[in-house]
1. Of the conditions (1) closer than 28 Å to K31 by Cα; (2) modelled with pLDDT of 95 or more, P111 clears all except one; give me its number.
2. Residues of the range 107-131 being more than 19 Å from T6 (Cα to Cα) and either in contact with an Asp or Glu (Cβ under 8 Å, 6 or more places away or on another chain) or of a type in the set (A, V, I, L, M, F, W, C) (or both), which ones?
3. Where the second residue is part of a helix (DSSP H, G or I) and among the small types (G, A, S) and the first is free of Cβ contacts under 8 Å to residues at least 24 places away in the same chain and lies in the range 149-167, which pairs have Cβ atoms under 6 Å and are six or more apart or on separate chains?
4. Restricting attention to the range 157-165, does a residue exist that is assigned to a strand (DSSP E or B) and under 22 Å from N16 (Cβ atoms)?
5. Does the range 5-26 contain at least one residue that is among the basic types (K, R) and at pLDDT 90 or above?
6. Could you please find all residues in the range 118-167 being within 19 Å of E98 (Cα to Cα), among the small types (G, A, S) and surrounded by 15 or more Cβ atoms within 10 Å (Cβ to Cβ)?
Amino acid sequence: MASGVTVADNVITVFNEMKVRKAQVCEDDKKKRKKAVLFCLSQDMKNIVLEEGKEILLGDVGNTVDDPYLHFVKMLPPNDCRYALYDATYETKESKKEDLVFIFWAPENAPLKSKMIYASSKDAIKKKFTGIKHEWQVNGLEDIKDRRTLAEKLGGQSVITLEGSPL
């Protein structure tokens, strides 16, 4: 069932920027690229918006963020739902890859009303995120904190590294 929630334009802009990996002109542009970003419902529960300050830029990786995946997991609120885009860098036995993963975070201890509105609004944001190959619903930290679970979503047993770390 649709909730009538709309997706803010800047959410679509961020998705398109993350999806298109154009050859960055300079190192500064590359550093500004988003590695991960969280989206939440607006105060009035009518729009899906960017969550202020909840993003990881490629420039942060290695400087202020050693492990982007663990940093991303720590950004997720323990008691409320979120949508997220995570730009996973991984390696299979054959090649190196980068894929966007759409994550629906709905922890067990989130309020029922929040879980219901986020679940019923998921299609609105998914329709805007065309071309996403990987979708993952996560219901608790135990499901997401082990990078192997994400690796399985990306390519099963063939994934040998995630974010440069062996599995």
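The values are calculated or read from the model by the stated rules, or taken from the named source; none is laboratory data. Remember, predicted model here, so these are calculated numbers, not experimental data. For neighbour counting, all protein chains shown are included, and Cβ atoms are generated from backbone atoms with ideal geometry for every residue, glycine included.
1. So the condition that P111 fails would be (1).
2. Step one: of the range 107-131, the residues more than 19 Å from T6 (Cα to Cα) are 107-112, 131.
Within the range 107-131, P107, A110, P111, L112 meet the criteria.
3. L167/A151
4. Initial filter on the range 157-165 (assigned to a strand (DSSP E or B)): 159-162, 165.
After this cut, where a residue has to be under 22 Å from N16 (Cβ atoms) as well, the list is none.
Looking for residues that are assigned to a strand (DSSP E or B) and under 22 Å from N16 (Cβ atoms), one finds none in the range 157-165, hence no.
5. Step one: list which residues in the range 5-26 are among the basic types (K, R), which gives 19, 21-22.
Imposing the further condition that a residue be at pLDDT 90 or above reduces the set to none.
No, the conditions are met nowhere in the range 5-26.
6. Hits for the range 118-167 are A151, G155.
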